[in-house]
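I have placed the structure first, in the form of C-alpha coordinates, so that the comments after it can refer back to it.
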Amino acid sequence: MCDTCGCGATDVRVVDPGSGAVTHTHDGVTHTHQSGEAHSHDGGLTVHTHEATPVDVAQPDETHEHPRTGSTTVELELDVLGKNDALAAETRAWLAARDLVAVNLMSSPGSGKTTLLERTIREATDRPVVVVEGDQETLLDAERIRAAGARAVQVNTGAGCHLDAEMFSAALDSLAPEPGSLVMVENVGNLVCPALFDLGERARVVVISVTEGDDKPLKYPHMFSAADLVVLNKIDLLPYVDFDVHALMRHARALRPGVRVLPVSARTGEGLGAWYGWLAGLHS
Amino acid sequence: MHELSITQDVVRTVVEHTEGRTVTGVRLRIGVLAGIVPDAVRFCFDLATQGTTLEGAWLEVTDEPGRGRCRTCGNEFDMPDLLPRCPCGSTDAEVVAGRSLVVTSVEVV
(Lines give C-alpha, C1' and ligand atoms only; values in the text may rest on other atoms or scores of the structure.)
Protein backbone atom coordinates (compact mmCIF):
# COMPACT_ATOMS: atom_id res chain seq x y z
CA MET A 1 0.00 0.00 0.00
CA CYS A 2 1.19 3.51 -0.81
CA ASP A 3 2.73 5.27 2.21
CA THR A 4 1.81 8.68 0.84
CA CYS A 5 -1.91 8.38 0.26
CA GLY A 6 -2.74 4.81 1.25
CA CYS A 7 -4.06 3.94 -2.19
CA GLY A 8 -3.84 0.41 -3.49
CA ALA A 9 -0.26 0.02 -4.56
CA THR A 10 -0.73 -3.75 -4.30
CA ASP A 11 -1.73 -3.53 -7.94
CA VAL A 12 1.11 -1.32 -9.14
CA ARG A 13 2.75 -2.29 -12.40
CA VAL A 14 6.13 -1.08 -13.54
CA VAL A 15 6.19 -0.95 -17.33
CA ASP A 16 9.36 -0.57 -19.41
CA PRO A 17 8.17 1.57 -22.34
CA GLY A 18 11.06 0.35 -24.49
CA SER A 19 10.51 -3.39 -24.22
CA GLY A 20 6.91 -3.43 -23.04
CA ALA A 21 7.99 -5.62 -20.12
CA VAL A 22 5.72 -5.48 -17.11
CA THR A 23 6.96 -6.00 -13.57
CA HIS A 24 4.35 -6.42 -10.90
CA THR A 25 3.30 -8.34 -7.83
CA HIS A 26 0.24 -10.41 -7.29
CA ASP A 27 -0.63 -13.47 -5.27
CA GLY A 28 2.58 -12.79 -3.36
CA VAL A 29 4.83 -13.16 -6.43
CA THR A 30 6.80 -10.37 -8.08
CA HIS A 31 7.68 -11.07 -11.67
CA THR A 32 8.42 -9.53 -15.04
CA HIS A 33 6.94 -10.52 -18.37
CA GLN A 34 5.84 -9.03 -21.67
CA SER A 35 2.39 -7.51 -21.72
CA GLY A 36 -0.06 -10.21 -22.77
CA GLU A 37 2.50 -13.03 -22.40
CA ALA A 38 1.16 -16.22 -20.80
CA HIS A 39 2.95 -17.14 -17.56
CA SER A 40 2.55 -19.17 -14.37
CA HIS A 41 3.08 -18.58 -10.64
CA ASP A 42 2.72 -22.15 -9.47
CA GLY A 43 5.17 -24.20 -11.51
CA GLY A 44 2.85 -24.52 -14.45
CA LEU A 45 -0.28 -25.77 -12.66
CA THR A 46 -2.17 -22.75 -13.91
CA VAL A 47 -1.15 -20.34 -16.65
CA HIS A 48 -2.61 -16.94 -17.26
CA THR A 49 -2.04 -13.72 -19.17
CA HIS A 50 -2.59 -10.09 -18.27
CA GLU A 51 -4.40 -7.96 -20.80
CA ALA A 52 -3.31 -4.36 -21.09
CA THR A 53 -6.06 -3.16 -18.76
CA PRO A 54 -5.33 -1.00 -15.70
CA VAL A 55 -6.06 -3.80 -13.23
CA ASP A 56 -6.27 -7.58 -13.14
CA VAL A 57 -9.84 -7.32 -12.02
CA ALA A 58 -11.23 -10.82 -11.73
CA GLN A 59 -8.11 -12.84 -12.25
CA PRO A 60 -7.68 -14.33 -8.77
CA ASP A 61 -11.34 -15.24 -8.52
CA GLU A 62 -12.06 -16.82 -11.86
CA THR A 63 -10.21 -19.98 -11.03
CA HIS A 64 -12.04 -21.19 -7.95
CA GLU A 65 -15.44 -21.38 -6.27
CA HIS A 66 -16.00 -20.43 -2.66
CA PRO A 67 -17.63 -23.10 -0.48
CA ARG A 68 -21.32 -22.65 0.12
CA THR A 69 -21.87 -25.54 2.52
CA GLY A 70 -24.50 -24.67 5.09
CA SER A 71 -24.99 -21.14 3.82
CA THR A 72 -27.74 -19.47 1.86
CA THR A 73 -27.14 -17.20 -1.09
CA VAL A 74 -29.00 -13.90 -0.93
CA GLU A 75 -29.11 -12.00 -4.23
CA LEU A 76 -28.82 -8.26 -3.54
CA GLU A 77 -27.69 -6.26 -6.63
CA LEU A 78 -27.09 -3.17 -4.46
CA ASP A 79 -25.28 -0.11 -5.78
CA VAL A 80 -22.69 0.68 -3.10
CA LEU A 81 -22.19 4.32 -4.07
CA GLY A 82 -25.97 4.71 -4.30
CA LYS A 83 -26.13 6.13 -0.80
CA ASN A 84 -23.62 8.86 -1.64
CA ASP A 85 -25.35 9.57 -4.93
CA ALA A 86 -28.79 9.73 -3.29
CA LEU A 87 -27.53 12.20 -0.69
CA ALA A 88 -25.84 14.22 -3.44
CA ALA A 89 -29.14 14.36 -5.32
CA GLU A 90 -30.87 15.64 -2.16
CA THR A 91 -28.19 18.30 -1.75
CA ARG A 92 -28.55 19.28 -5.43
CA ALA A 93 -32.30 19.81 -4.98
CA TRP A 94 -31.75 21.70 -1.69
CA LEU A 95 -29.26 24.03 -3.41
CA ALA A 96 -31.51 24.59 -6.43
CA ALA A 97 -34.47 25.51 -4.21
CA ARG A 98 -32.36 28.32 -2.69
CA ASP A 99 -30.86 29.58 -5.94
CA LEU A 100 -27.47 28.36 -4.72
CA VAL A 101 -24.86 27.25 -7.23
CA ALA A 102 -22.12 24.90 -6.04
CA VAL A 103 -18.87 24.43 -7.94
CA ASN A 104 -16.50 21.59 -7.07
CA LEU A 105 -12.85 22.59 -7.65
CA MET A 106 -10.50 19.64 -7.99
CA SER A 107 -6.78 19.47 -8.73
CA SER A 108 -3.48 18.15 -7.51
CA PRO A 109 -1.97 19.96 -4.50
CA GLY A 110 -0.33 23.24 -5.42
CA SER A 111 -2.18 24.05 -8.65
CA GLY A 112 -3.37 27.38 -7.23
CA LYS A 113 -6.96 26.60 -6.24
CA THR A 114 -6.85 28.71 -3.09
CA THR A 115 -5.20 31.65 -4.87
CA LEU A 116 -7.84 31.43 -7.61
CA LEU A 117 -10.54 31.45 -4.93
CA GLU A 118 -9.04 34.40 -3.06
CA ARG A 119 -9.03 36.46 -6.23
CA THR A 120 -12.51 35.29 -7.24
CA ILE A 121 -13.88 36.37 -3.85
CA ARG A 122 -12.32 39.82 -4.22
CA GLU A 123 -13.26 40.41 -7.86
CA ALA A 124 -16.46 38.48 -8.63
CA THR A 125 -18.70 40.69 -6.55
CA ASP A 126 -22.09 40.19 -8.20
CA ARG A 127 -23.19 37.66 -5.59
CA PRO A 128 -21.99 36.40 -2.19
CA VAL A 129 -19.33 33.69 -2.25
CA VAL A 130 -18.97 31.07 0.48
CA VAL A 131 -16.33 28.38 0.49
CA VAL A 132 -16.05 24.80 1.70
CA GLU A 133 -12.38 23.93 2.12
CA GLY A 134 -11.28 20.30 2.07
CA ASP A 135 -7.84 19.26 3.34
CA GLN A 136 -6.55 16.35 5.34
CA GLU A 137 -5.33 18.64 8.10
CA THR A 138 -5.05 22.31 9.18
CA LEU A 139 -7.33 25.33 8.90
CA LEU A 140 -4.83 27.25 6.78
CA ASP A 141 -6.92 27.47 3.62
CA ALA A 142 -10.12 28.46 5.40
CA GLU A 143 -8.15 31.21 7.15
CA ARG A 144 -6.86 32.49 3.79
CA ILE A 145 -10.42 32.52 2.42
CA ARG A 146 -11.73 34.42 5.45
CA ALA A 147 -8.92 36.93 5.09
CA ALA A 148 -10.01 37.43 1.47
CA GLY A 149 -13.48 38.34 2.72
CA ALA A 150 -15.68 35.26 2.39
CA ARG A 151 -17.21 32.94 4.91
CA ALA A 152 -15.62 29.49 4.88
CA VAL A 153 -15.67 26.15 6.64
CA GLN A 154 -12.81 23.70 6.59
CA VAL A 155 -13.50 19.99 6.31
CA ASN A 156 -10.51 18.04 7.60
CA THR A 157 -10.74 14.54 6.24
CA GLY A 158 -7.93 13.08 8.38
CA ALA A 159 -6.75 9.99 6.54
CA GLY A 160 -9.39 10.51 3.84
CA CYS A 161 -8.36 11.77 0.44
CA HIS A 162 -11.61 13.26 -0.87
CA LEU A 163 -14.84 14.99 0.13
CA ASP A 164 -18.07 13.01 -0.10
CA ALA A 165 -21.74 13.96 -0.18
CA GLU A 166 -22.14 13.56 3.58
CA MET A 167 -19.21 15.88 4.34
CA PHE A 168 -20.50 18.50 1.89
CA SER A 169 -24.00 18.31 3.33
CA ALA A 170 -22.63 18.81 6.85
CA ALA A 171 -20.52 21.73 5.64
CA LEU A 172 -23.58 23.38 4.07
CA ASP A 173 -25.49 22.97 7.35
CA SER A 174 -22.67 24.73 9.13
CA LEU A 175 -22.28 27.50 6.53
CA ALA A 176 -26.00 28.20 5.99
CA PRO A 177 -25.31 30.19 2.80
CA GLU A 178 -27.75 33.00 2.04
CA PRO A 179 -29.96 32.38 -1.02
CA GLY A 180 -28.35 33.32 -4.31
CA SER A 181 -24.80 32.60 -3.12
CA LEU A 182 -22.06 30.92 -5.05
CA VAL A 183 -20.76 27.94 -3.03
CA MET A 184 -17.19 27.12 -4.00
CA VAL A 185 -15.87 23.75 -2.88
CA GLU A 186 -12.12 23.31 -2.76
CA ASN A 187 -11.75 19.55 -2.73
CA VAL A 188 -8.78 17.73 -1.22
CA GLY A 189 -5.75 18.18 -3.48
CA ASN A 190 -5.76 14.86 -5.29
CA LEU A 191 -6.31 13.99 -8.95
CA VAL A 192 -7.67 10.50 -8.24
CA CYS A 193 -10.21 9.97 -5.49
CA PRO A 194 -12.41 13.12 -5.57
CA ALA A 195 -13.50 12.22 -9.12
CA LEU A 196 -15.56 9.31 -7.80
CA PHE A 197 -17.77 11.16 -5.35
CA ASP A 198 -20.72 13.26 -6.43
CA LEU A 199 -21.28 16.04 -3.88
CA GLY A 200 -24.42 17.55 -5.39
CA GLU A 201 -22.51 20.32 -7.16
CA ARG A 202 -23.71 22.11 -10.31
CA ALA A 203 -20.36 21.83 -12.04
CA ARG A 204 -16.98 20.19 -11.66
CA VAL A 205 -13.89 22.21 -12.44
CA VAL A 206 -10.44 20.69 -12.77
CA VAL A 207 -7.59 23.13 -12.15
CA ILE A 208 -4.21 22.28 -13.63
CA SER A 209 -1.13 24.50 -13.64
CA VAL A 210 1.51 24.81 -16.35
CA THR A 211 4.18 23.49 -13.99
CA GLU A 212 2.48 20.10 -13.91
CA GLY A 213 2.86 18.82 -17.48
CA ASP A 214 0.45 18.78 -20.42
CA ASP A 215 -0.02 14.99 -20.26
CA LYS A 216 -1.82 15.10 -16.88
CA PRO A 217 -5.24 14.29 -18.42
CA LEU A 218 -3.93 11.02 -19.85
CA LYS A 219 -2.33 10.09 -16.53
CA TYR A 220 -5.45 10.89 -14.49
CA PRO A 221 -8.31 10.03 -16.87
CA HIS A 222 -11.05 9.65 -14.26
CA MET A 223 -10.61 13.21 -13.08
CA PHE A 224 -10.58 14.77 -16.54
CA SER A 225 -13.43 12.63 -17.89
CA ALA A 226 -15.58 14.13 -15.10
CA ALA A 227 -14.64 17.79 -15.81
CA ASP A 228 -17.21 20.37 -16.89
CA LEU A 229 -14.44 22.95 -17.22
CA VAL A 230 -10.66 22.85 -17.13
CA VAL A 231 -8.88 25.92 -15.72
CA LEU A 232 -5.26 26.09 -16.82
CA ASN A 233 -3.53 28.19 -14.15
CA LYS A 234 -0.14 29.92 -13.83
CA ILE A 235 0.06 30.85 -17.52
CA ASP A 236 2.35 33.72 -16.49
CA LEU A 237 4.98 30.99 -16.07
CA LEU A 238 4.59 29.62 -19.63
CA PRO A 239 7.81 31.28 -20.89
CA TYR A 240 9.80 29.35 -18.29
CA VAL A 241 8.36 25.84 -18.60
CA ASP A 242 7.99 23.19 -21.27
CA PHE A 243 4.23 23.12 -21.47
CA ASP A 244 2.19 22.74 -24.68
CA VAL A 245 -1.21 24.38 -24.14
CA HIS A 246 -2.66 22.84 -27.30
CA ALA A 247 -1.50 19.35 -26.26
CA LEU A 248 -3.22 19.82 -22.90
CA MET A 249 -6.44 20.84 -24.67
CA ARG A 250 -6.19 17.86 -27.02
CA HIS A 251 -5.62 15.42 -24.15
CA ALA A 252 -8.41 16.88 -22.01
CA ARG A 253 -10.86 16.70 -24.93
CA ALA A 254 -9.87 13.11 -25.70
CA LEU A 255 -11.34 12.25 -22.31
CA ARG A 256 -14.12 14.83 -22.15
CA PRO A 257 -15.10 15.73 -25.72
CA GLY A 258 -15.59 19.46 -26.24
CA VAL A 259 -14.61 20.48 -22.70
CA ARG A 260 -13.77 24.17 -22.40
CA VAL A 261 -10.23 25.00 -21.27
CA LEU A 262 -9.66 28.45 -19.73
CA PRO A 263 -6.04 29.62 -19.57
CA VAL A 264 -5.63 31.98 -16.60
CA SER A 265 -3.14 33.38 -14.16
CA ALA A 266 -4.62 33.74 -10.70
CA ARG A 267 -1.51 35.77 -9.82
CA THR A 268 -1.56 38.37 -12.60
CA GLY A 269 -5.30 38.21 -13.34
CA GLU A 270 -4.83 37.31 -17.01
CA GLY A 271 -7.83 35.39 -18.40
CA LEU A 272 -9.91 35.72 -15.22
CA GLY A 273 -12.66 37.66 -17.01
CA ALA A 274 -13.60 34.48 -18.87
CA TRP A 275 -13.59 32.57 -15.56
CA TYR A 276 -15.91 35.08 -13.92
CA GLY A 277 -18.13 35.00 -17.01
CA TRP A 278 -18.32 31.22 -16.86
CA LEU A 279 -19.25 31.36 -13.15
CA ALA A 280 -21.94 33.98 -13.79
CA GLY A 281 -23.36 31.80 -16.56
CA LEU A 282 -24.02 28.99 -14.07
CA HIS A 283 -26.78 31.05 -12.44
CA SER A 284 -28.71 31.67 -15.65
CA MET B 1 -7.67 6.25 0.17
CA HIS B 2 -11.07 5.92 -1.41
CA GLU B 3 -11.03 2.13 -1.42
CA LEU B 4 -11.13 2.10 2.40
CA SER B 5 -14.20 4.32 2.60
CA ILE B 6 -15.77 2.42 -0.31
CA THR B 7 -15.11 -0.91 1.40
CA GLN B 8 -16.69 0.47 4.57
CA ASP B 9 -19.69 1.43 2.43
CA VAL B 10 -19.79 -2.14 1.09
CA VAL B 11 -19.86 -3.49 4.65
CA ARG B 12 -22.55 -0.99 5.72
CA THR B 13 -24.66 -1.86 2.68
CA VAL B 14 -24.46 -5.59 3.40
CA VAL B 15 -25.19 -5.15 7.13
CA GLU B 16 -28.26 -3.04 6.32
CA HIS B 17 -29.67 -5.77 4.09
CA THR B 18 -28.92 -8.97 6.03
CA GLU B 19 -30.96 -8.41 9.20
CA GLY B 20 -28.23 -9.32 11.67
CA ARG B 21 -27.43 -12.70 10.11
CA THR B 22 -23.84 -13.89 9.93
CA VAL B 23 -22.37 -13.23 6.50
CA THR B 24 -19.76 -15.76 5.34
CA GLY B 25 -19.14 -14.44 1.85
CA VAL B 26 -19.62 -11.33 -0.31
CA ARG B 27 -19.64 -11.03 -4.09
CA LEU B 28 -18.89 -7.68 -5.69
CA ARG B 29 -19.02 -6.51 -9.28
CA ILE B 30 -16.61 -3.68 -10.03
CA GLY B 31 -16.55 -1.87 -13.37
CA VAL B 32 -13.16 -1.56 -15.03
CA LEU B 33 -13.87 2.18 -15.52
CA ALA B 34 -15.06 2.75 -11.94
CA GLY B 35 -11.69 3.99 -10.68
CA ILE B 36 -11.71 1.40 -7.90
CA VAL B 37 -8.77 -0.97 -7.50
CA PRO B 38 -10.10 -4.44 -6.61
CA ASP B 39 -6.88 -5.47 -4.86
CA ALA B 40 -7.15 -2.40 -2.63
CA VAL B 41 -10.74 -3.34 -1.77
CA ARG B 42 -9.53 -6.83 -0.92
CA PHE B 43 -6.79 -5.31 1.22
CA CYS B 44 -9.30 -3.22 3.16
CA PHE B 45 -12.01 -5.87 3.47
CA ASP B 46 -10.66 -7.73 6.51
CA LEU B 47 -10.13 -4.44 8.33
CA ALA B 48 -13.55 -3.07 7.42
CA THR B 49 -15.39 -6.24 8.48
CA GLN B 50 -13.80 -6.51 11.93
CA GLY B 51 -16.41 -6.49 14.67
CA THR B 52 -19.29 -6.78 12.19
CA THR B 53 -21.52 -9.65 11.10
CA LEU B 54 -19.17 -9.98 8.10
CA GLU B 55 -16.05 -10.71 10.16
CA GLY B 56 -14.11 -13.57 8.57
CA ALA B 57 -16.17 -13.53 5.36
CA TRP B 58 -14.53 -14.18 1.99
CA LEU B 59 -14.73 -11.64 -0.80
CA GLU B 60 -15.14 -12.43 -4.48
CA VAL B 61 -14.73 -9.70 -7.08
CA THR B 62 -15.77 -9.97 -10.72
CA ASP B 63 -15.31 -7.27 -13.29
CA GLU B 64 -17.82 -5.43 -15.42
CA PRO B 65 -16.35 -4.63 -18.85
CA GLY B 66 -16.40 -1.02 -20.06
CA ARG B 67 -18.77 -0.11 -22.90
CA GLY B 68 -19.22 3.19 -24.72
CA ARG B 69 -21.91 4.53 -27.03
CA CYS B 70 -20.64 6.61 -29.92
CA ARG B 71 -22.27 10.03 -30.26
CA THR B 72 -21.38 10.06 -33.97
CA CYS B 73 -22.55 6.67 -35.29
CA GLY B 74 -24.68 5.53 -32.34
CA ASN B 75 -23.04 2.11 -32.03
CA GLU B 76 -21.78 0.59 -28.80
CA PHE B 77 -18.18 -0.55 -28.49
CA ASP B 78 -15.75 -1.95 -25.89
CA MET B 79 -13.94 0.58 -23.71
CA PRO B 80 -11.01 -1.00 -21.85
CA ASP B 81 -10.09 2.49 -20.60
CA LEU B 82 -11.63 5.97 -20.45
CA LEU B 83 -10.30 7.10 -23.83
CA PRO B 84 -13.18 6.55 -26.26
CA ARG B 85 -12.12 5.14 -29.62
CA CYS B 86 -15.14 4.03 -31.65
CA PRO B 87 -14.37 1.73 -34.61
CA CYS B 88 -15.98 4.42 -36.82
CA GLY B 89 -13.09 6.75 -35.95
CA SER B 90 -14.98 9.01 -33.57
CA THR B 91 -13.59 9.84 -30.13
CA ASP B 92 -16.86 11.34 -28.89
CA ALA B 93 -18.73 8.80 -26.79
CA GLU B 94 -20.48 8.31 -23.48
CA VAL B 95 -19.71 5.50 -21.06
CA VAL B 96 -22.72 3.17 -20.80
CA ALA B 97 -21.17 0.37 -18.74
CA GLY B 98 -18.13 -0.23 -16.59
CA ARG B 99 -18.57 2.30 -13.80
CA SER B 100 -20.58 0.19 -11.40
CA LEU B 101 -19.80 -0.98 -7.89
CA VAL B 102 -22.46 -3.50 -6.95
CA VAL B 103 -22.91 -6.02 -4.15
CA THR B 104 -24.33 -8.81 -6.31
CA SER B 105 -25.00 -11.40 -3.58
CA VAL B 106 -23.93 -12.60 -0.15
CA GLU B 107 -23.75 -15.94 1.66
CA VAL B 108 -25.50 -15.98 5.04
CA VAL B 109 -25.95 -18.63 7.73
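The values are calculated or read from the model by the stated rules, or taken from the named source; none is laboratory data. For clarity, every value in this text was computed on a predicted model and none was experimentally measured. Virtual Cβ from ideal backbone geometry, glycine too; neighbours counted across all protein chains shown.
At a glance:
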read-out: Meets criteria (at the interface with another protein chain (Cβ under 9 Å from one of its Cβ atoms), surrounded by fewer than 16 Cβ atoms within 10 Å (Cβ to Cβ) and either at negative phi or assigned to a helix (DSSP H, G or I) (or both)) for B:Thr62; value: yes
read-out: Which listed residue is of a type in the set (Val, Ile, Thr) and touching a residue at least 60 places away in the same chain (Cβ under 8 Å), from A:Val245, A:Val231, A:Val259, A:Val241; value: A:Val231
read-out: Residues located in segment B:74-84, provided they are exposed (fewer than 15 other Cβ atoms within 10 Å of the Cβ) and more than 13 Å from chain A (Cβ to nearest Cβ); value: B:Gly74, B:Asn75, B:Glu76
read-out: Subset of segment B:43-58 (residues that are within 9 Å of chain A (Cβ to nearest Cβ) and modelled with pLDDT of 95 or more); value: B:Trp58
read-out: Candidate set: segment A:204-249, residues that are within 17 Å of the chain's Cα centre (by Cα) and polar (S, T, N, Q); chosen: the one farthest from A:Val192 (Cα to Cα); value: A:Asn233
read-out: When residues of segment B:5-37 are limited to those that are at the interface with chain A (Cβ under 7 Å from one of its Cβ atoms) and within 18 Å of A:Asn190 (Cβ to Cβ), the one surrounded by the fewest Cβ atoms within 10 Å (Cβ to Cβ); value: B:Ser5
read-out: Meets criteria (in a loop (DSSP other than H, G, I, E, B) and either more than 21 Å from the chain's Cα centre (by Cα) or among the polar types (S, T, N, Q) (or both)) for A:Glu143; value: no
read-out: Residue in segment A:101-111 that is buried (at least 20 other Cβ atoms within 10 Å of the Cβ) and assigned to a loop (DSSP other than H, G, I, E, B) present; value: yes
read-out: Members of segment B:88-97 found to be modelled with pLDDT under 95 and part of a loop (DSSP other than H, G, I, E, B), listed by number; value: B:Gly89, B:Ser90, B:Thr91, B:Asp92
read-out: Odd one out for A:Gly160, checked against (1) more than 27 Å from A:Lys216 (Cα to Cα); (2) in contact (Cβ under 8 Å) with a residue 24 or more places away in the chain; (3) not in a helix (DSSP H, G or I); value: (1)
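Quick grid of which residues meet (1) at pLDDT below 95; (2) within 14 Å of chain B (Cβ to nearest Cβ); (3) touching a helix residue (DSSP H, G or I) at 6+ places or on another chain (Cβ under 7 Å):
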{"site": "A:Val207", "(1), (2), (3)": "no, no, yes"}
{"site": "A:Asp214", "(1), (2), (3)": "no, no, yes"}
{"site": "A:Lys234", "(1), (2), (3)": "no, no, no"}
{"site": "A:Tyr240", "(1), (2), (3)": "no, no, no"}
{"site": "A:Ala247", "(1), (2), (3)": "no, no, no"}
{"site": "A:Ala252", "(1), (2), (3)": "no, yes, yes"}
{"site": "A:Ser265", "(1), (2), (3)": "no, no, yes"}
